[in-house]
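Colleague: Take a look at the following structure, please.
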């Protein structure tokens with residue numbers, strides 16, 4: 001599959017920092033290219049029409065409506081586009097609607113990257129299977145449907161992680177183990193860029209050094225806060 005052109009992805013997410021995190025992650029670890037980022041349903045439809053992506057990462061709470069309505073849009077069926085929900089919508093009605101309408105996966109915020117990786121691996125396997133087989137056997141079907149339930153998450157990638165910077169980030173949290181910090185507060189105190197800070201924070205989450213708390217203000221716009229996990 002690596003000899004083919006990267007598959008196009010559209011991210012529908014009105015929180016810019018989350019959209020950037022998802023774009024950076026999938027383009028670093030998969031043969032995928034983010035063709036565009038939409039902050040509204042209307043922008044999403046325009047980008048899907050323009051780029052004809054194979055995958056949409058879809059939030060539910062958007063300024064002009066609920067993302068779950070997009071999954072029923074004939075536009076997605078026309079371009080054979082898969083959908084992975086990444087949303088804070090935890091009500092069963094929304095989840096059930098998404099899965100009945102054919103969503104490939106449904107991830108609740110805050111999303112751990114090993115879980116997103118498993119979902120994207122399932123998508124890539126689906127594409128590969130569709131390209132290589134005209135008929136599938138039970139083994140191929142089991143691989144497609146069981147991949148996200150893998151018991152052991154893959155080891156966090158250390159790409160872009162430098163030991164001295166990681167030590168500074170860990171020390172910052174260790175010096176105030178009972179406080180929760182936003183990404184803006186972390187990067188200001190540690191002295192690194194916001195993009196770098198997000199990468200190190202998500203790495204620390206994956207290795208279990210810090211945890212994520214969601215602080216809710218306006219509906220659909222939770223703020224991610226990070227706190228050192230006690231006992232470490």
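The values are calculated or read from the model by the stated rules, or taken from the named source; none is laboratory data. Remember, predicted model here, so these are calculated numbers, not experimental data. Note: ideal-geometry Cβ built from the backbone for every residue, glycine included; neighbour counts use all protein chains shown.
Colleague: Evaluate the following for residue 102: is it farther than 30 Å from residue 207 by Cβ and modelled with pLDDT of 90 or more? Don't jump to the end; show me each part of the working.
Modeller: Values: farther than 30 Å from residue 207 by Cβ: yes; modelled with pLDDT of 90 or more: no.
Spelling it out, it is not the case that residue 102 is farther than 30 Å from residue 207 by Cβ and modelled with pLDDT of 90 or more.
Colleague: A follow-up question, please. Pick from region 19-38 the residues that are over 12 Å from residue 81 (Cβ atoms) and free of Cβ contacts under 8 Å to residues at least 60 places away in the same chain: which of them is surrounded by the most Cβ atoms within 10 Å (Cβ to Cβ)? Spell out the reasoning first.
Modeller: Taking region 19-38 first, the residues over 12 Å from residue 81 (Cβ atoms) are 19-34, 36-38.
Within this subset, residues satisfying the condition of being free of Cβ contacts under 8 Å to residues at least 60 places away in the same chain are 19, 23, 27, 33-34, 36-38.
On the way: 19: 20, 23: 19, 27: 14, 33: 15, 34: 21, 36: 18, 37: 20, 38: 24.
Only one residue tops the list, namely 38.
Colleague: OK, next. Suppose we filter region 96-115 for residues that are closer than 18 Å to residue 224 by Cα and outside any helix (DSSP H, G or I); how many remain? If you could, list the steps in order and put the result at the bottom.
Modeller: From region 96-115, those closer than 18 Å to residue 224 by Cα are 107-115; that's our starting set.
Within this subset, residues satisfying the condition of being outside any helix (DSSP H, G or I) are 107-112.
Residues flagged as closer than 18 Å to residue 224 by Cα and outside any helix (DSSP H, G or I) within region 96-115 amount to 6.
Colleague: Now, a different point. For region 39-57, which residues satisfy the criterion of being buried (at least 16 other Cβ atoms within 10 Å of the Cβ) and either over 14 Å from residue 8 (Cα atoms) or out of contact with any strand residue (DSSP E or B) (no Cβ under 8 Å at 6 or more places or on another chain) (or both)?
Modeller: Step one: of region 39-57, the residues buried (at least 16 other Cβ atoms within 10 Å of the Cβ) are 39, 41, 43-45, 47-48, 51, 53-57.
If the condition is that a residue be buried (at least 16 other Cβ atoms within 10 Å of the Cβ) and either over 14 Å from residue 8 (Cα atoms) or out of contact with any strand residue (DSSP E or B) (no Cβ under 8 Å at 6 or more places or on another chain) (or both), then 39, 41, 43, 45 are the ones that fit.
Colleague: Next up: Quickly run through region 59-87 and pick out the residues that are in contact with a strand residue (DSSP E or B) (Cβ under 9 Å, 6 or more places away or on another chain), in a strand (DSSP E or B) and either without any contact (Cβ under 8 Å) to a residue 12 or more places away in the chain or over 17 Å from residue 124 (Cα atoms) (or both).
Modeller: Those that are in contact with a strand residue (DSSP E or B) (Cβ under 9 Å, 6 or more places away or on another chain), in a strand (DSSP E or B) and either without any contact (Cβ under 8 Å) to a residue 12 or more places away in the chain or over 17 Å from residue 124 (Cα atoms) (or both): 61, 62, 86, 87.
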